[in-house]
Amino acid sequence: MGTTIFTVMSEMARASGAINLSQGYPDFEGPPALRERVAWHMANGHNQYAPLAGVPELLEQIALKVRQLYGCAAEPKSHICVTPGATEAIHCAITACIHPGDEVIVFDPAYDTYAPCVALNGGVTRHIPLSYPDFGIDWQRVESEVNDRTRLIILNNPHNPTGSVWNEDDIESLRRLVAGRNILLLADEVYEHITFDGKAHLSLLRYPDLAARAFCIFSFGKTYHVTGWRVGYCVAPSELMREFLKVHQNISFSTNAPMQFALADFLRDSPRYHLELGSFYQTKRNYFNQILDKSSFILKPAAGSFFQLADYSRISDESDTMFAARLTREHKVAAIPVSVFYRNPPEQRIVRFCFAKSDQTLAEAARRLERL
Ligand code: GLN
């Protein structure tokens with residue numbers, strides 16, 4: 001397996017002096033009160049190992065949050081684990097349930113840690129392409145791919161890299177698909193708060209029958225603009241969480257303590273912060289779409305996440321990896337080629353831009369992109 005595209009493109013952006021709209025992270029800071037709490041906890045003795053599943057104060061706050069948002073009755077002591085980033089949680093969940101020969105369904109374009117992690121565990125990925133151009137799931141196709149060896153389906157909503165978001169029909173289809181089958185679910189919901197145009201986030205935690213077989217994975221890095229802290233969490237039923245914790249204790253044992261204490265304080269003191277995130281990023285999405293309106297890119301505004309796909313077929317017929325490299329080196333704007341997220345890339349000319357950037361950064365990027 002090669003180096004992740006996020007490292008490849010961020011390194012190319014750095015070497016070329018390009019504006020980095022490739023790897024998904026904000027170029028602005030998270031809330032000062034949160035960062036001050038980290039400093040406070042470091043200065044006040046919270047610098048030793050956190051408990052394996054997480055600091056109790058944070059587990060309590062997470063339980064409260066998922067109860068309020070999704071009506072999910074998660075027990076802090078048996079259903080939740082705080083992890084060093086959502087990536088570690090994805091790894092633990094897959095490792096906890098995949099044995100050699102087990103099949104895992106992923107939807108392409110798929111986030112690039114899923115398939116390698118399945119492979120590390122001796123599992124086999126079945127790649128099902130999302131429909132084009134709306135990037136929805138073809139549930140009939142899924143039904144035809146499921147078999148006795150299917151152990152896990154990996155879902156990602158809101159979706160990275162396409163920005164598509166589920167509706168109630170998807171939930172119903174998923175329900176019908178798994179009913180009576182011994183299939184587990186991994187729901188990567190790290191963009192849970194970033195949905196637009198009044199669309200609610202349909203977390204699997206809202207649906208007790210689905211939550212009963214799911215590892216649901218979330219990210220504080222995305223929510224509080226602190227991706228470098230590497231703090232995420234997983235919510236799962238106690239039988240699944242028990243297995244998850246066995247993996248977690250042998251990979252990282254626990255997650256850094258001062259950040260966990262600070263996050264617990266911030267969730268307690270600013271419980272509405274995450275409720276504003278959708279409108280915050282909707283404004284950015286609208287701004288980015290508006291300033292690229294005069295460019296030759298074809299954009300269909302994202303429904304969620306902080307990514308925007310852009311069709312460049314009016315500009316070039318190069319492959320997306322060639323185009324993204326040239327965009328970075330010559331035009332000084334880095335993007336992610338979407339074909340790398342497919343097992344069998346379709347004939348599309350699409351790159352992904354991250355709009356989690358200051359308006360000034362977005363405006364300068366748009367100025368450069370308009371020249372193409
Ligand atoms: N999730 C981020 C993205 O999609 C990348 C995270 C990483 O680089 N590991 O850009």
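The values are calculated or read from the model by the stated rules, or taken from the named source; none is laboratory data. This is a predicted model, so every value here is computed, not measured. A quick note on method: Cβ atoms are made from the backbone with ideal geometry, for glycine too, and the neighbour counts reach across all protein chains shown. Just so you know, the surface numbers come from the protein's heavy atoms only, side chains and all, with ligands and any DNA or RNA stripped out. Shrake-Rupley method; radii C 1.70, N 1.55, O 1.52, S 1.80 Å.
Tabulated values for the structure
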read-out	value
Over segment 255-372: Rg over Rh, Cα atoms, Kirkwood Rh	1.08
Solvent-accessible area, 1.4 Å probe, carbon plus sulfur percent, for the chain	50
Estimated FRET transfer efficiency (Trp139, Ser313; beta-carbon r; R0 30 Å; 0.05)	0.55
Distance-filtered residues of segment 67-106 - backbone nitrogen under 12 Å, label point 7 angstrom along Asn344 Cα→Cβ	none
Using a Förster distance of 25 Å, the FRET efficiency for Tyr132-Ser279 (Cβ separation, nearest 0.05)	0.30
Simple spin-label estimate for Glu11 and Asp197 in nanometres, 7 Å along Cα-Cβ	3.8
Label-point separation, Ser238 to Arg272 (7 Å along Cα→Cβ), nm	3.6
Straight-distance crosslink candidates among lysines, where the alpha carbon sits under 20 Å from Lys284 and sequence neighbours closer than 8 are dropped	Lys199, Lys222, Lys294, Lys300, Lys357
Virtual spin-label span in nm between Asp148 and Asp169, 7 Å along Cα→Cβ	3.4
Backbone N within segment 222-258 under 18 Å of label point (7 Å from Trp40 Cα along the Cβ vector)	257-258
Table column - 3J(HN,Hα) (Hz), segment 345-361, Karplus curve with 6.51, -1.76, 1.60, x for Gly and Pro	x, x, 6, 10, 10, 9, 10, 10, 10, 9, 9, 7, 9, 5, 4, 5, 4
Kirkwood-based Rg to Rh ratio, segment 46-162, C-alpha trace	1.03
Per residue accessible area in Å² of the chain, where ligands, DNA and RNA are left out and the probe is 1.4 Å	42
Cut-off under 5 Å, modelled amide H: who pairs with Asn156 long-range	Asp188
The chain: most fluctuating residue of Ala335, Ala264, Ala86 per GNM, C-alpha cutoff 10 Å	Ala264
Theoretical ellipticity at 222 nm over the chain - DSSP helices of four or more residues, -39500 (n - 2.57) apiece, nearest 500	-12000 deg cm²/dmol
Stretch gain in nm, segment Tyr49-Glu75, where the contour uses 0.36 nm per residue and the Cα spacing is subtracted	7.2 nm
